[in-house]
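The next block holds one structure in the form of structure tokens; read it before the comments.
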Amino acid sequence: MIPEEVRRLAEDPSAYAPMPPGFERVLNERFSLLLGPFPQMTMVQRVRLDPADVDAAVAEVRELAGEHDRDLVTWWMTDSTTPADLEQRLVALGLEPAAMPVNEPSYEAMAMTRAPEGARPGLEARLAADLDEFTIANEIAWDAFGFPDEQRELQRDLLPAAYELHREGLASRYLCFVDGEPVASAIAVFADAAVMLLGGAVLEEARGRGCYRALVRARWDDGVARGTPALVVQAGAMSEPILARLGFERVASMRVLVDRFH
């Protein structure tokens, strides 16, 4: 049985997660708008609109985003989104399905409240120990997800500030080592209800060896140590089957549209 507060976090993380420095959130009864430290991280979640209010809400979000020099917003729709036909209404207003590397077009919100399997012999998964390891963890993710040079440079400029969040335990980077070599990375955000799993990435040559599973277990163990024995994740097509095998339960389906405006 997944507790309700864990379900809410899994389905609408930007509305219920802690806001670290560099992030801003506009939260009201109609939607949650997250404004992250770089323009691509601008998203609307926990949408609860009346049908007659959709056009006005889109205009309001565009105005708020524009005030922060953003011209791209992702809208996330789930099983709880209202109105039920919001996706069709947004498409009619010019929004389009998301595409990598910004986002996948759909995800599964998932949660787990029991311990996953431990790491296989020869694997070590743990927090990045210093700035060098933190940088390596990010580079692994960029390589695994095929980030273009422009996005790499943007995120590279943000590494010092991101490392401070890591040191403070707000958004922590993990590495997995195979025989001492770093080959996989992942992020944990420690919320009040659960640990949020983000950015699990394994280099192609190391896939199939249990690195992803080891990173899940390392973040579970640290969550237990903090008093939150629960994990939540928004799983894309690649990770969803792995997480299901580990014991994660589906909470909601998530669909993502992108609004590009000027």
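Given the condition within 27 Å of His166 (Cα to Cα), polar (S, T, N, Q), modelled with pLDDT of 95 or more and not assigned by TED's automatic domain parsing to the domain that holds Glu164, answer yes or no: does some residue in segment 33-40 qualify?
Looking for residues that are within 27 Å of His166 (Cα to Cα), polar (S, T, N, Q), modelled with pLDDT of 95 or more and not assigned by TED's automatic domain parsing to the domain that holds Glu164, one finds none in segment 33-40, hence no.
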Report summary line: When Leu64 is run through (1) at pLDDT below 95; (2) crowded, with 17+ Cβ neighbours inside 10 Å, the failure sits at (1)
Report summary line: If you go through Asp192, Asp179, the only one that is out of contact with any helix residue (DSSP H, G or I) (no Cβ under 6 Å at 6 or more places or on another chain) and either of a type in the set (A, V, I, L, M) or on the phi < 0 side of the Ramachandran plot (or both) is Asp192
Query raised in the report: In segment 170-178, is there at least one residue being closer than 20 Å to Pro121 by Cβ and within 15 Å of the chain's Cα centre (by Cα)?
Result: yes
Query raised in the report: Is at least one residue of segment 99-122 basic (Lys, Arg), within 19 Å of Leu215 (Cβ to Cβ) and surrounded by 15 or more Cβ atoms within 10 Å (Cβ to Cβ)?
Result: no
Report summary line: Filter segment 223-262 for residues that are touching a residue at least 60 places away in the same chain (Cβ under 8 Å), touching a Lys or Arg at 6+ places or on another chain (Cβ under 9 Å) and of a type outside the set (Gly, Ala, Ser); the one that is farthest from Ala184 (Cα to Cα) is Phe261
**Report entry** Answer residue from segment 215-232, given it is in contact with a helix residue (DSSP H, G or I) (Cβ under 8 Å, 6 or more places away or on another chain) and β-branched (Val, Ile, Thr) and is nearest to Pro121 (Cα to Cα) among those
**Finding:** Val216
Query raised in the report: Being closer than 19 Å to Ile242 by Cβ and free of Cβ contacts under 8 Å to residues at least 40 places away in the same chain, is that true of even one residue in segment 162-169?
Result: no
Query - Search result, residues across segment 200-214 that are under 15 Å from the mean Cα position of the chain (by Cα) and closer than 14 Å to Leu127 by Cα - result: Gly200
Query raised in the report: Before we move on, is Leu131 of a type outside the set (Gly, Ala, Ser) and crowded, with 16+ Cβ neighbours inside 10 Å?
Result: no
**Report entry** All positions within segment 186-211 that are free of Cβ contacts under 8 Å to residues at least 24 places away in the same chain and β-branched (Val, Ile, Thr)
**Finding:** Ile187
Requested in this report: Kindly establish whether Arg62 is assigned to a helix (DSSP H, G or I) and either outside the structural domain of Gln151 (by TED's automatic domain parsing) or closer than 25 Å to Phe248 by Cβ (or both).
Outcome: yes
Query raised in the report: What number of residues in segment 17-42 are surrounded by 20 or more Cβ atoms within 10 Å (Cβ to Cβ) and within 13 Å of the chain's Cα centre (by Cα)?
Result: 3
Requested in this report: Given the conditions (1) assigned to a helix (DSSP H, G or I); (2) within 21 Å of Gly236 (Cα to Cα); (3) β-branched (Val, Ile, Thr), report the number of the one that Val54 does not fulfil.
Outcome: (2)
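Determine whether segment 183-196 contains at least one residue that is farther than 22 Å from Arg245 by Cα, β-branched (Val, Ile, Thr) and either in a strand (DSSP E or B) or assigned by TED's automatic domain parsing to the domain that holds Pro39 (or both). Even if it seems obvious, please write down each step before you answer.
Pass one, segment 183-196, residues farther than 22 Å from Arg245 by Cα: 189-193.
Add one more test, that the residue is β-branched (Val, Ile, Thr), and what stays is 189.
Filter once more, keeping what is either in a strand (DSSP E or B) or assigned by TED's automatic domain parsing to the domain that holds Pro39 (or both): 189.
Yes - at least one qualifying residue is present in segment 183-196.
The values are calculated or read from the model by the stated rules, or taken from the named source; none is laboratory data. Being a predicted model, the structure only gives us computed values, none of them experimental. As a convention, Cβ positions derive from the backbone with ideal geometry for all residues, glycine included, and neighbour counts pool all protein chains shown.
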